[in-house]
Amino acid sequence: MARVSAPFGVKGWVKVHSYAEPPEALLDFPVWQLGRAGEWHERRVIEGRAQSGPVLAVRFEDVEDRDQAALLRGLEVAIAREALADLPEGEYYWADLIGLTVVNADGSRLGAVERLMETGANDVLVVRGDRERLIPFIRPHVVRAIDLEAGELQVDWDADF
């Protein structure tokens, strides 16, 4: 959802680069998970405000000075799944798509969704298999079906692209 980029001031605030849309939507969640390499710790947000672009200024409970804030630099921000709103049928959070096996119409496995990118025109699946493929997330023309239970995303995409 975001990344802590740097301390901000001397009273324990940090700059956070938000990946949410809009960036300040992240401030709707009072409890964040901070971590890296699969090790997460819960932190309560005491104050937060939008800065310029995707940057937020945030102060966490029990972080009271610049030195404590500096220890948070580089940590990833996640929100507990149960805190997220349920989506309507046919809509997905990006996190739901990461790790899905991508299969084309011929039944060829192209790899797994490593991440997604926002390009302005449309989102793009970054699929890692025998090589990296960038597949536009255009439904239903390119992305034909998503089956979270089966862990599979079906695409109309030639294996040679």
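The values are calculated or read from the model by the stated rules, or taken from the named source; none is laboratory data. Because the structure is a prediction, the values reported are computed rather than measured. Note: ideal-geometry Cβ built from the backbone for every residue, glycine included; neighbour counts use all protein chains shown. These area figures cover heavy atoms from the full protein model, side chains too; ligands, DNA and RNA do not enter into them. Shrake-Rupley method; radii C 1.70, N 1.55, O 1.52, S 1.80 Å.
Points to keep in mind about this one:
- When only alpha carbons of the stretch 24-161 are considered, Rg and Dmax amount to 18.4, 57 Å.
- Computed extension length for Gln68-Val55: 2.7 nm, one decimal, from 0.36 nm per residue of separation with the Cα-Cα distance subtracted.
- For the stretch 32-161: accessible area per residue (Å², 1.4 Å): 62
- Accessible-area composition of the stretch 1-134, carbon plus sulfur, in percent [1.4 Å probe]: 48
- Here the gap between Asp158 and Arg139, fully extended at 0.36 nm per residue and compared with their Cα-Cα distance, gives a gain of 5.2 nm.
- When you work out D = kT/(6 pi eta Rh) for the stretch 69-111 at 20 °C and 1.002 mPa s, using the Kirkwood radius from C-alpha pairs as Rh and the Stokes-Einstein form, the result is 153 µm²/s.
- Ranked by how many other beta carbons lie within 10 Å on average, peptides 150-159, 7-16 from highest: 7-16, 150-159
- The stretch 88-128 and the stretch 20-76: distance between their alpha carbon centers, rounded to Å: 27
- Net length available on complete extension from Arg131 to Val31 is 32.2 nm, with 0.36 nm assigned per residue and the Cα-Cα distance removed.
- Considering helices alone, the calculated mean residue ellipticity of the chain at 222 nm is -1000 deg cm²/dmol, with DSSP H runs of length four and up weighted by -39500 (n - 2.57) and normalised per residue.
- Using every pair of separate Cα atoms, the Kirkwood estimate puts the hydrodynamic radius of the stretch 104-161 at 11.6 angstrom.
- GNM top mover of Pro30, Pro140, Pro54 - the chain, alpha-carbon springs below 10 Å: Pro140
- Its residue count N sets the reference 2.2 N^0.38 Å, and the alpha-carbon radius of gyration of the stretch 13-88 equals 1.08 times that reference.
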